[in-house]
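The block underneath contains the structure these notes are about, expressed in structure tokens.
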Amino acid sequence: MAATNPRTMFEKIWESHVVFQEPDCPALLYIDLHLIHEVTSPQAFQGLREKGLKVRQPSKTVATVDHIVPTTDRSLPITDPQASELIAQLRGNCRENGIELHGLESRHQGIVHVIGPELGATQPGMTVVCGDSHTATHGAFGALAFGVGTSEVEHVLATQCLLQNRPRTMEVRVEGTLPPGVTAKDVILAVIGRIGVGGGTGHAIEYTGSAFRAMSMEERMTVCNMSIEGGARAGMIAPDDATFNFLCGRPRAPQGEAWDAAVAAWRCLPGDEGARYDRSIAFDAAQLEPMITYGTNPGMAIPITAPVPDPARMEDAVRQSALRKALGYMAIEPGKPLLGRPIDVVFIGSCTNSRISDLRAAAKVLRGKKVSPKVRVLVVPGSQPIKRQAEAEGLADVFRQAGCEWREAGCSMCIAMNGDMLAPGQYSVSTSNRNFEGRQGPGGRTLLASPLTAAACALTGVVTDVRTLL
Ligand code: SF4
């Protein structure tokens, strides 16, 4: 039966979490899950201490260490005193407040946006926050998930609530089947390439259409992860059987009768027939190609065979100047494709593309081959469970035999605050989500791409269209 007041999934989740709303003011939202890590939480705990406050609902907070942890041999001592200090502070804060912590010794340690879903902590219909921009990842489960600042981390720890302005809704619809060599990462790079880094500002995006329905949960996480790179507050995909199958039996997922009740409720979350979005854009999956970035934001993305845009052909002076500056930093000439350009490093990892299906995809390209001797290749699993699974499946052997470095779980070269970084002037093909100036190390130059493309580039030592190797 059609709903009399059809609502989008975002509207259903938002409205069911408003604790208090004054007219023309931000809403006070209840937060179901708060994920924390070592870098953005210490000041928040310090703030609580100074105000004499306690964590209001420790059971709704989960902590891990990821940003600053070395991804080298875990039996060695950590040599960076700042890393040791941040890890120790998180341990102390979690112990003092009774918060579940997945520290270096935990079998579940890993990148915060990888372990939340792995633990079954991320569930459909939830509000999820974390002091990290890429919290939108959890929207893949039909959750409303977004990054918050340090003062907001403190607010959520103290109250389990958060003041938020209600975003508008935006639909990104992709219908059809993705061609060979085109992945979820290429889809989201194509979306951001079209809407630009500000295209989703003030909106919560819902990804709809048969291309997303056909994706695994891991692929959906890759898509939602990069919503923030298009400026959106959040990105979400309606839950379905793929979502429930992924969550069933995980440690923090409901069990027994509670599971059945939860699934019944989750089935009511998708938007109602006739629900309206404030904006909609559509793509034909069959027209998409492997994508790569050429500039210093993720909106500077092109199909891998396309020429790099030429600022001289742009009419908008602001965009022209931004492109000139970006190409200057990247030392890339306009008007020609990037294909054949030599690279120095390949990074396969990050909360965008470090899950088991990403590693399987990269291993498929690298199996039985050797990476270019001119290229350093880091493969960094997103969590300890992924590392164990990849080792059990023989993927780690494929990487090692190909000449890659097989690392411990963490953010690694996504953010260059843990010892893994580019040297000035180096080019990397990276499966991470940000290519800002210096993101992977001062003076480093980042080309964002999928794990398939990254593996192809690792073999040849130059920017390569993976479709030529498949
Ligand atoms: S992998 Fe990168 S984007 Fe993801 S949580 Fe870590 S630093 Fe942030």
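Which of the residues that make up the stretch 347-377 are outside any helix (DSSP H, G or I) and within 16 Å of the ligand (Cβ to nearest atom)?
Once the filter is applied, which keeps residues that are outside any helix (DSSP H, G or I) and within 16 Å of the ligand (Cβ to nearest atom), the stretch 347-377 yields F347, I348, G349, S350, C351, T352, N353, S354, R355.
When you go through (1) among the hydrophobic types (A, V, I, L, M, F, W, C); (2) surrounded by fewer than 24 Cβ atoms within 10 Å (Cβ to Cβ); (3) over 17 Å from the mean Cα position of the chain (by Cα) one by one for V197, which number turns out not to apply?
All conditions are met except number (3).
Restricting attention to the stretch 394-417, and to residues there that are of a type in the set (D, E) and over 22 Å from T222 (Cα atoms), which single residue is nearest to the ligand (Cβ to nearest atom)?
It comes out as E405.
Touching a helix residue (DSSP H, G or I) at 6+ places or on another chain (Cβ under 9 Å), within 23 Å of P381 (Cβ to Cβ) and in a loop (DSSP other than H, G, I, E, B): which single residue out of G139, G120 fits that description?
G120
Just to be sure before I move on: is N297 closer than 30 Å to P442 by Cβ, within 16 Å of the ligand (Cβ to nearest atom) and part of a loop (DSSP other than H, G, I, E, B) in the structure I sent?
yes
Select from the stretch 305-332 the residues that are at pLDDT 95 or above and assigned to a loop (DSSP other than H, G, I, E, B) and write down the one among them that is farthest from the ligand (Cβ to nearest atom).
For the stretch 305-332, the residue satisfying everything is D310.
Of the numbered conditions (1) closer than 17 Å to N418 by Cβ; (2) within 16 Å of the ligand (Cβ to nearest atom), V62 fails exactly one; give the number of that condition.
Only one criterion in (1) closer than 17 Å to N418 by Cβ; (2) within 16 Å of the ligand (Cβ to nearest atom) is unmet by V62, namely (1).
Looking at the structure I just gave you, is T453 assigned to a loop (DSSP other than H, G, I, E, B), modelled with pLDDT of 95 or more, surrounded by 24 or more Cβ atoms within 10 Å (Cβ to Cβ) and more than 16 Å from the ligand (Cβ to nearest atom)?
When the stated conditions are applied, T453 does not pass them.
Among what's in the stretch 1-34 and is under 24 Å from the mean Cα position of the chain (by Cα) and over 23 Å from G274 (Cα atoms), pick the residue that is surrounded by the fewest Cβ atoms within 10 Å (Cβ to Cβ).
Once the filter is applied, the top-ranked residue is Y30.
Would you say G335 is part of a loop (DSSP other than H, G, I, E, B), in contact with a helix residue (DSSP H, G or I) (Cβ under 9 Å, 6 or more places away or on another chain) and over 28 Å from S227 (Cβ atoms)?
Criteria met by G335.
Tell me, which residue of the stretch 426-441 that is over 14 Å from the mean Cα position of the chain (by Cα) and not in a loop (DSSP other than H, G, I, E, B) is farthest from the ligand (Cβ to nearest atom)?
The qualifying residue farthest from the ligand (Cβ to nearest atom) is Y427.
Can you tell me how many residues within the stretch 52-96 are assigned to a helix (DSSP H, G or I) and either basic (K, R) or not assigned by TED's automatic domain parsing to the domain that holds I31 (or both)?
3
May I ask you to list pairs of residues, at least six apart or on different chains, whose Cβ atoms are under 7 Å apart, with the first in the stretch 378-391 being touching a residue at least 12 places away in the same chain (Cβ under 8 Å) and over 17 Å from C414 (Cα atoms) and the second being of a type in the set (S, T, Y) and within 13 Å of the ligand (Cβ to nearest atom)?
Close Cβ pairs satisfying both conditions: I386/S354.
Select from the stretch 104-118 the residues that are touching a residue at least 40 places away in the same chain (Cβ under 8 Å) and either within 16 Å of the ligand (Cβ to nearest atom) or among the charged types (D, E, K, R) (or both) and list them in ascending order.
If the condition is that a residue be touching a residue at least 40 places away in the same chain (Cβ under 8 Å) and either within 16 Å of the ligand (Cβ to nearest atom) or among the charged types (D, E, K, R) (or both), then R107, H108, Q109, G110, I111, V112, H113, V114, I115, G116, P117, E118 are the ones that fit.
The values are calculated or read from the model by the stated rules, or taken from the named source; none is laboratory data. Worth saying up front: this structure is predicted, and the values here are computed from it rather than measured. We place every Cβ from the backbone using ideal geometry, glycine too, and count neighbours over all the protein chains shown.
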